[in-house]
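Worksheet: one structure, shown below.
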């Protein structure tokens, strides 16, 4: 997550940056390490790293 801008009420607007083709077996500490490194290269202030998993459930 990145701090993007401040709105008219003075609140920070947080935006997400998504990366694909990340190994699903990557350890959380490695994801944080890489996310922090990538965040330092971006224009906006780095705030946090999140991980989303997608699953498909089928009723048989």
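Laboratory data are not the source of any read-out in this text; all were calculated from the coordinates shown. Note that the coordinates shown come from a computational prediction; the quantities given were computed from them, not determined experimentally. We place every Cβ from the backbone using ideal geometry, glycine too, and count neighbours over all the protein chains shown.
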Hey, what angle do you get for helix 28-41 against the long axis of the chain, alpha-carbon based, 0 to 90 degrees rounded to 10? 40
Taking only Cα atoms and a 10 Å spring cutoff, compute GNM fluctuations for the chain and point out the largest among 37, 16, 26. 26
Is the chain best put as rounded, prolate or oblate by its Cα gyration tensor, with a ≥ b ≥ c the root eigenvalues, rounded for a/c under 1.5, and otherwise prolate when a/b is larger than b/c, oblate when not? oblate
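Would you kindly state how much longer the chain becomes between residue 5 and residue 44 on full extension, computed as 0.36 nm times their sequence separation minus their alpha carbon distance, in nm to one decimal? Display every interim value, and only then the final one.
Values: separation 39, 0.36 × 39 = 14.04 nm, distance 0.85 nm.
Gain on stretching residue 5 to residue 44: 13.2 nm.
Please order 56, 47, 24, 5 by the number of other Cβ within 10 Å, starting at the fewest. If you can, show how the numbers build up before the last one.
On the way: 56 4, 47 15, 24 7, 5 10.
With the fewest neighbours first, 56, 47, 24, 5 line up as 56, 24, 5, 47.
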